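The values are calculated or read from the model by the stated rules, or taken from the named source; none is laboratory data. Bear in mind that the values here come from a model prediction, so they are computed numbers and not experimental data. As a convention, Cβ positions derive from the backbone with ideal geometry for all residues, glycine included, and neighbour counts pool all protein chains shown.
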Amino acid sequence: MHYFDRAYEGNPPWEIARPQREFVQLEADGEIRGRVLDVGCGTGENALYYAAHGHDTWGIDFAPTAVRRAREKAVARGSSARFEVASALELTHRRESFDTVTDCGMFHTFLDPHRPVYSASVASVLRPKGRFFVLCFSEREPTDWGGPRRVTQTEIRETFCREFSVRWIREARFETNLPGVSGLAWLAALERTAPGTPRAPARSRRSAGESTRARPRAPASRRTEGSASSPPRALPSS
């Protein structure tokens, strides 16, 4: 059994029994548009929130226990949100398309080789000018408590530069159920560029205020979605 599936047998640190405030604010600001895909949905709180606000919503996660719990919540709440066991790295063959994709704490779990695969995978299901929001721990978050990798603005820009333009990146908070964890994060707003659109190279110099501190690696027990022990699963057809 994969680390993440085992984690969902209990209450993992990222499960807070409600949607993350950063995504609630995005919805209030009109940033979440149209048909929505929530990648790495966990037990579904963000996806259920989007569906409750009128969005045709899918949630995917490669942890079967998480998806089971999300489906149970959807039934209990009478939600139209749909949940499937699938990998965010394997979306490129799908015919579904979305107006918005949200990532709440999944990008920072990927190893370097999986990052460009992830970018291309998400881009394949986003309509041109579709929106992609990524919430991840920043390099400002202390590392003494462990947790996933910390990410810099430069890493975000370099990872997604082929398929996306960066609308903005701002300081944010990633909420957890761990006492004393500040959750310092980046929230990135990306826009899908039309296929074939020439892209300027990502900025190689660090953004203002970025730390040069080495980024931590996740402990060995906290394997990433792209690990060999968990073969990718495809998103089923609607």
Residue within the range 159-171 that is in a loop (DSSP other than H, G, I, E, B) and free of Cβ contacts under 8 Å to residues at least 12 places away in the same chain present: no
Options PRO148, PRO113, PRO142; residue that is touching a His at 6+ places or on another chain (Cβ under 7 Å) and of a type outside the set (S, T, N, Q): PRO148
Within the range 134-185, considering residues that are out of contact with any Gly (no Cβ under 8 Å at 6 or more places or on another chain) and among the acidic types (Asp, Glu), the one farthest from ALA123 (Cα to Cα): ASP144
Residue within the range 2-14 that is polar (S, T, N, Q) and at pLDDT 95 or above present: no
Residue within the range 91-98 that is touching a Ser or Thr at 6+ places or on another chain (Cβ under 7 Å) and of a type in the set (Asp, Glu) present: yes
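Could you please give the count of residues in the range 9-22 that are within 10 Å of ASN46 (Cβ to Cβ) and touching a residue at least 60 places away in the same chain (Cβ under 8 Å)? Outline the logic, then answer.
Of all residues in the range 9-22, those within 10 Å of ASN46 (Cβ to Cβ) come to 18-20, 22.
If we keep only those that are touching a residue at least 60 places away in the same chain (Cβ under 8 Å) as well, we get 20, 22.
Number satisfying all stated conditions: 2.
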